[in-house]
Amino acid sequence: MAGWLGALKKTRNIIGKVFSSKVNIDELDIEELEEILLRSDVPVRLTMDIVDELESPRRKATRRERLTELLMKELGETPEFNWPSDNKPYVVMLLGINGSGKTTTAAKLAKRAIGQGLKPMLCGSDTFRAAGSSQLKLWSEKVGCDFVGGEMGHDAAGVAYNAVESAIEKKCDVVLVDTAGRMHTKTPLMDELPKMCRSMDKRRAGAPDAVWMVLDASLGQNAVIQAKQFNEVVPLTGIIVTKLDGSSKAGFLFSVKTELNIPILFTGLGEDEDDLVPFNPEEFVNALFDENSDADEV
Ligand SMILES: Nc1nc2c(ncn2[C@@H]2O[C@H](COP(=O)(O)OP(=O)(O)OP(=O)(O)O)[C@@H](O)[C@H]2O)c(=O)[nH]1
Ligand SMILES: [Mg+2]
């Protein structure tokens, strides 16, 4: 299983140099620092705050302590996610733009639920592409869980309804509804999302219980813009950030709380079914500070 330190290598290679305690704060060229932070997609306002903090001589705490405090404050509290035990099955809809990692994340979440002694169902509602649903079916066989899917061209809302129905019959604890990738700018496809929600609600009032957007970390700040637009169509209750292992723009995570106020629940740190970890602000910030920026693993 991938760890935080290895995963954040690319972002740390850029901003870790600044945060490493080997660098003498007094010798830092502030303009260079600003440029480095902005390059890794740390939001502009936070970058300014960091610069102010580093320039200010008013506190005795070490630079690392001052920065950690500032960054942790920006990420805010992240309540640990636990699958609720009432009102089963707990239905989660995963959405996002094309290729963000929805299908892989659905499988990772199913694996995680199994590990916690729960019975998940994977729902392949990506009827837009020929391989959309079958890709998830293969995952369901790999992780070992129930699956309901639809053929290409089928109504995605109908597939989601069937999955909730089947999950009720089979007494599943969790349903993970994988949706087709869609651009936030394409209206007809975006309209399908509230339709899917209404359809699931008809089978079990309140479903979906959660709507999680899957964001590709390599997109940096663009991912935040996408989330804002999805949030206007279907209110998001959580965010999952994938591909943190390949991103040099992980600084955008610092804008998620302030700009969206939606909790980051999990992060994807690799392509395998085990490479999903709960988001932990402290580990994230500490991994950015690690001094051995070439270190490959925890
Ligand atoms: N390195 C890395 N790769 C990932 C991660 N999550 C997903 N991927 C890869 O990203 C690619 C796309 O993943 P999918 O899960 O198919 O993405 P999707 O959002 O379902 O794609 P569409 O259904 O086409 O919209 C695959 O090659 C995955 O292996 C991650 O956390 N880290
Ligand atoms: Mg997919």
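Worth pointing out:
- Contact annotation: no residue pair with Cβ atoms under 8 Å, 6 or more positions apart or on different chains, pairs a residue in region 47-58 that is over 10 Å from I30 (Cα atoms) with a partner that is surrounded by fewer than 16 Cβ atoms within 10 Å (Cβ to Cβ) and of a type outside the set (A, V, I, L, M, F, W, C).
- Matching residues, region 114-135, being within 21 Å of P278 (Cβ to Cβ), surrounded by fewer than 24 Cβ atoms within 10 Å (Cβ to Cβ) and not basic (K, R): I114, G115, Q116, G117, L118
- Wholly within region 105-194, strands (runs of 3 or more DSSP E) carrying at least 2 residues that are over 30 Å from K228 (Cβ atoms) and at pLDDT 95 or above: 146-149
- Residues in region 125-149 that are out of contact with any strand residue (DSSP E or B) (no Cβ under 6 Å at 6 or more places or on another chain) and more than 13 Å from ligand 2 (Cβ to nearest atom) were compared, and the one that is farthest from T103 (Cα to Cα) is G144.
- Residue count for region 237-254 under the criterion of being surrounded by fewer than 22 Cβ atoms within 10 Å (Cβ to Cβ), hydroxyl-bearing (S, T, Y) and modelled with pLDDT of 85 or more: the result is 1.
- Candidate set from region 239-253 (those that are over 12 Å from L38 (Cβ atoms) and of a type in the set (A, V, I, L, M, F, W, C)); member that is nearest to ligand 2 (Cβ to nearest atom): I240
- For region 160-175, the criterion of being within 16 Å of ligand 1 (Cβ to nearest atom) and crowded, with 24+ Cβ neighbours inside 10 Å is met by at least one residue.
- Within region 1-83, helices (runs of 4 or more DSSP H) holding 1 or more residues that are modelled with pLDDT of 70 or more and not hydrophobic (A, V, I, L, M, F, W, C): 30-39, 44-55, 63-75
- Scanning region 153-186 for residues being among the hydrophobic types (A, V, I, L, M, F, W, C) and within 13 Å of ligand 2 (Cβ to nearest atom) gives a total of 4.
- Figure legend. Inter-residue proximity from region 117-135: first residues among the aromatic types (F, W, Y), second residues in a loop (DSSP other than H, G, I, E, B) and within 9 Å of ligand 2 (Cβ to nearest atom), beta-carbon distance below 6 Å, spacing 6+ or different chains. Indicated pairs: F128/A180.
- Which numbered condition R112 misses (of (1) under 20 Å from L215 (Cβ atoms); (2) more than 13 Å from ligand 2 (Cβ to nearest atom); (3) in contact with a Gly (Cβ under 8 Å, 6 or more places away or on another chain)): (3)
- Restricting region 72-108 to residues that are among the polar types (S, T, N, Q) and within 16 Å of ligand 1 (Cβ to nearest atom), the residue that is nearest to F128 (Cα to Cα): N98
The values are calculated or read from the model by the stated rules, or taken from the named source; none is laboratory data. Treat the numbers as computed from the prediction; the structure is a model and nothing was measured. Cβ coordinates were reconstructed from backbone atoms using ideal geometry, including for glycine residues, and neighbour counts include every protein chain displayed.
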